[in-house]
1. Inspect all residues belonging to the stretch 2-20 and state whether any of them is in contact with a helix residue (DSSP H, G or I) (Cβ under 6 Å, 6 or more places away or on another chain) and open to solvent by less than 100 Å² (accessible area, probe 1.4 Å).
2. Answer yes or no as to whether residue 20 is on the phi > 0 side of the Ramachandran plot and without any contact (Cβ under 8 Å) to a residue 60 or more places away in the chain.
3. Tell me, yes or no, whether the stretch 34-55 has at least one residue that is of a type in the set (Lys, Arg), surrounded by 11 or more Cβ atoms within 10 Å (Cβ to Cβ) and in contact with a helix residue (DSSP H, G or I) (Cβ under 8 Å, 6 or more places away or on another chain).
4. For the stretch 19-50, enumerate the residues that are at pLDDT 90 or above, in a strand (DSSP E or B) and touching a Leu at 6+ places or on another chain (Cβ under 7 Å).
5. Could you list, in sequence order, the residues of the stretch 1-55 that are among the aromatic types (Phe, Trp, Tyr) and under 9 Å from the mean Cα position of the chain (by Cα)?
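The values are calculated or read from the model by the stated rules, or taken from the named source; none is laboratory data. Just so you know, these numbers come straight off a predicted model, no measurement behind them. Note that each Cβ is placed from the backbone with ideal geometry, even for glycine, and that neighbours are counted across all protein chains shown. For accessibility, only protein heavy atoms count, side chains too; no ligands or nucleic acids. Shrake-Rupley method; radii C 1.70, N 1.55, O 1.52, S 1.80 Å.
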Amino acid sequence: MAQQCKNCLFWQKVARTRMGALQGECRVNPPSVFPGPEFQADRVTLWPRTAADEWCGRFQAKASSKPPTEKV
């Protein structure tokens, strides 16, 4: 399995770009907090957006959806 964001346990698919590239949010750390619109007390939290084929040093493979086969 390639060490790419799309294969990482902490990556959540969110959209496709106009060119069809898959994008997602990296959720390995808590989201960053940013001030909301001017003169409002609200805050906005965001996770970093990455392309599906990017990677980093914190990669952890998603669990396989197939049950392990038992060899006898």
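1. yes
2. Criteria met by residue 20.
3. no
4. 32, the sole residue that qualifies.
5. Of everything in the stretch 1-55, those that are among the aromatic types (Phe, Trp, Tyr) and under 9 Å from the mean Cα position of the chain (by Cα) turn out to be 10, 11, 47.
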